[in-house]
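Below is one structure, written out as structure tokens; the observations come after it.
All of the numbers you see were taken from the coordinates with simple rules; none came from a lab. Keep in mind the model is a prediction, meaning the values are calculated, not measured. When we count neighbours, we look across all protein chains shown, and the Cβ atoms used for this are built from the backbone with ideal geometry, even at glycine.
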Amino acid sequence: GGPASLSRFRGALVAAVLGDCVGGEFEGAEEVPMESVLQHLNGLDDETKGSGILEYSDDTAMARCVVQSLLTRTGFDEHDMARRFAKEYSTSPGRGYGSGVIQVLKKLSSPHLSDVYQPARDQFNGRGSFGNGGAMRAAPFALAFPELADVKRFARLGAMLTHSCSLGYNGAVLQALAVHLSLQGALDLPQQFISRLITEMEEVEGDEAARKDARILKEAEKPFCERLHRVRDLMDRSQVSVEEVISELGNGIAALHSVPTAIFCVLHCLQPRECLPENYGGLERTISYSLALGGDTDTIACMAGAIAGAHYGIEAIPQSWMKCCEGAEDADINAERLHRLYHQSLQGG
Ligand code: R7I
Ligand code: MG
Ligand code: MG
């Protein structure tokens, strides 16, 4: 489809859920042979195996709250979104939440809370979390707001409800930007895509709070920009080993060690790769490659899935995968609603 087509919206939201559901199998694994990934994914085709349904984790649970809030409030409402996060956690606490964020979610359920951003600020001795929990649920912001400035602003605020460290919320901004650009068809020109992201993040990370956090955490002056430059170097090469990707970009639970990695997975899988089945399309390649990196597989596959899904569209998603992932149907329906909201705003409605 063309820029911002319905197919792209559906692809983005559904593939994010699939990445989370199929990635759960390998989360935390140090080494994941591609053979195991393909076996896991092929098993989804095999109905006779009765593999049952793959449940979604916190990544999707929180993204669903973001979607519902944006749709119900027809825009960003921090109180409503915070309430939904808290309610979701208290209803289903067993979705695999990060160990720190649980404290925030408990505090957010207090009816006496006046500043909904305060619990997040109290994390990790007052510096806030740099985990990827803000980024893993950032895609819907790109599907709700057509204007780039709104995508950046609200992805940041939405992440700050749980992640007040700039290395956490700027990961969310980067993820939302990547989905935004992909939705416009920007992945047709991969070099320009990565340059655009670097230019945008130069500005985002020029912020005083970001500079201060980077200093304290002994990171590069502009940590996400530095990683995006590494992504560009790696994507220019014909051969890259999984070990190099992990050592250059990471596969961990920090936003800095997972969002650029997810972006790399998408770029690397734009072309067929030797290690992947020939009959796989780009979306299948992206998800399977993300899993083979090991580490925070559900989250990296979820984020890569959203970016890739916005590029390839819903037609690229195998029916068999969709059928066995919890929440995939709901995501498809919600994508249509977000598409309507997005185009209403475009028309100034
Ligand atoms: O970021 P968050 O929501 O976790 C998301 C991850 C995804 O992989 C999900 O799939 C799920 O598995 O969890 O949760 P947080 O608790 O805010 O951060 C995750 C972890 O990052 C924390 O439990 C810490 O181990 C680590 N972390 C930090 N450690 C030290 N100092 C995050 N921020 C800090 C920090 O400032
Ligand atoms: Mg998870
Ligand atoms: Mg995870």
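Here are the numbers for this structure:
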quantity	calculated
Using θ = phi - 60° and Karplus 6.51 cos²θ - 1.76 cosθ + 1.60, couplings along the range 124-134 (whole Hz; Gly, Pro as x)	6, 6, x, 8, x, 7, 9, x, 8, x, x
By average C-beta atoms within 10 angstrom, highest first, the peptides 15-21, 334-340, 150-156, 58-64	15-21, 58-64, 150-156, 334-340
Most positive-pole-ward Cα, 37, 113, 151, against dipole of the chain from beta carbon charges	113
Spin-label zone in the range 249-267 - amide nitrogen under 17 Å from a point set 7 Å from the Cα of residue 217 along the C-beta vector	249-263
All lysines inside 20 Å of residue 107 as judged from Cα atoms, apart from same-chain residues fewer than 8 positions distant	87
Set of aspartates and glutamates with alpha-carbon distance to residue 323 below 13 Å, sequence-local pairs under 8 removed	45, 46, 47, 55, 332
Gained length - residue 107 relative to residue 336, 0.36 nm times residue gap less alpha-carbon distance	79.1 nm
Mean ellipticity per residue at 222 nm, deg cm²/dmol - from DSSP H runs of n ≥ 4 across the chain, formula -39500 (n - 2.57)	-19000 deg cm²/dmol
Estimated dipole of the range 51-143 in Debye, rounded to 20 [Cβ of Lys and Arg +1, of Asp and Glu -1, Cα centre]	100 debye
Cross-link partners of residue 222 among lysines (Cα-Cα below 20 Å; sequence separation of 8 or more within a chain)	152, 212
Separation of alpha-carbon centers, the range 128-207 and the range 320-347, rounded to whole Å	20 Å
Gaussian network model of the chain, Cα within-10 Å springs - most flexible of 263, 307, 333	333
Amide H partners (placed H, <5 Å) of residue 164, local residues excluded	129
Value of relative contact order over the chain, rounded to a whole percent, pairs C-alpha under 8 Å and six or more apart	34 percent
Cut-off under 5 Å, modelled amide H: who pairs with residue 325 long-range	54
Alpha-carbon centroids, the range 30-101 and the range 246-315: separation in whole Å	17 Å
Nearest-20 debye value, the range 248-349 charge dipole, Cβ charges on Lys, Arg, Asp, Glu	220 debye
Rounded to the nearest 20 debye, dipole of the range 128-221 from Cβ charges on Lys, Arg, Asp, Glu	280 debye
